[in-house]
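The values are calculated or read from the model by the stated rules, or taken from the named source; none is laboratory data. Nothing here was measured: the structure is a model prediction, and the numbers come from that model. Note: ideal-geometry Cβ built from the backbone for every residue, glycine included; neighbour counts use all protein chains shown. Calculation scope for accessible area: heavy atoms of the full protein, side chains included, ligands and nucleic acids excluded. Shrake-Rupley method; radii C 1.70, N 1.55, O 1.52, S 1.80 Å.
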Amino acid sequence: MNLPTPQDLRERRIELDLTQSALAERAGVSQPLIARIEGGDVDPRLSTLRRIVEALDETEGGIVRADDLMNTEVIHVGPNDAIREAVRKMDEEAYSQLPVLQNGIPVGSISQSDLVHLDADARDEPVVEHMAESFPTVSREATLDEIGNLLDHYKAVMVTESGETVGIITEADVAARLS
């Protein structure tokens, strides 16, 4: 995962003819923080970096939306699938969590941390008996800032259209966009 360097941020700001103050106002941070980040004196939080990159994108005319970030291939399990199927898919795809979908609609989530305490007998039990709440959902039009706020609290965000799942976004997807 490649995040923009302080020099990258400074160069992009200058290319867009923005002052540090203007960028700070658009990103909702202070001008001294922009100066310190560009100077390499401080490593910003991922959420702060997201807001700065989104402000640069908006200035450039490219507001980043869920539709730009989402993976349309949503690896998932159903509520009636056996736990062993969830484990197999997580192992196969190298994911630590999966959404649980029923007829394309998010109904829960299952993660390795949900399964760590189960004994071998539970492998045949349905996912519904061990799943957690569903990941939050957003529309295709949700902004990077909205998605970032949700990812501060959840492992993934589901993108839905008319109630049906059309994509998924994780922090890795956002980080890839920032590079």
**Item:** Residues of the stretch 97-117 that turn out to be surrounded by fewer than 16 Cβ atoms within 10 Å (Cβ to Cβ) and not in a helix (DSSP H, G or I), as a count
**Value:** 6
**Item:** Single match in Ala94, Ala142, Ala122, Ala132 (criterion: closer than 21 Å to Leu46 by Cα and of a type in the set (Gly, Ala, Ser))
**Value:** Ala142
**Asked** What about Ala94, is it out of contact with any strand residue (DSSP E or B) (no Cβ under 7 Å at 6 or more places or on another chain), on the phi > 0 side of the Ramachandran plot and either open to solvent by less than 20 Å² (accessible area, probe 1.4 Å) or free of Cβ contacts under 8 Å to residues at least 40 places away in the same chain (or both)?
**Response** yes
**Prompt:** What residue, among those in the stretch 118-137 that are part of a loop (DSSP other than H, G, I, E, B) and either touching a helix residue (DSSP H, G or I) at 6+ places or on another chain (Cβ under 6 Å) or modelled with pLDDT under 95 (or both), is farthest from Glu161 (Cα to Cα)?
**Reply:** Asp119
**Request:** Can you give me the number of residues within the stretch 1-47 that are more than 14 Å from Ala175 (Cβ to Cβ), polar (S, T, N, Q) and open to solvent by less than 50 Å² (accessible area, probe 1.4 Å)?
**Result:** 1
**Request:** For the stretch 68-78, state whether one or more residues are open to solvent by 30 Å² or more (accessible area, probe 1.4 Å) and at positive phi.
**Result:** no
**Request:** Would you please name the residue that is nearest to the chain's Cα centre (by Cα), looking only at residues in the stretch 31-64 that are over 22 Å from Ser139 (Cα atoms) and in a loop (DSSP other than H, G, I, E, B)?
**Result:** Arg45
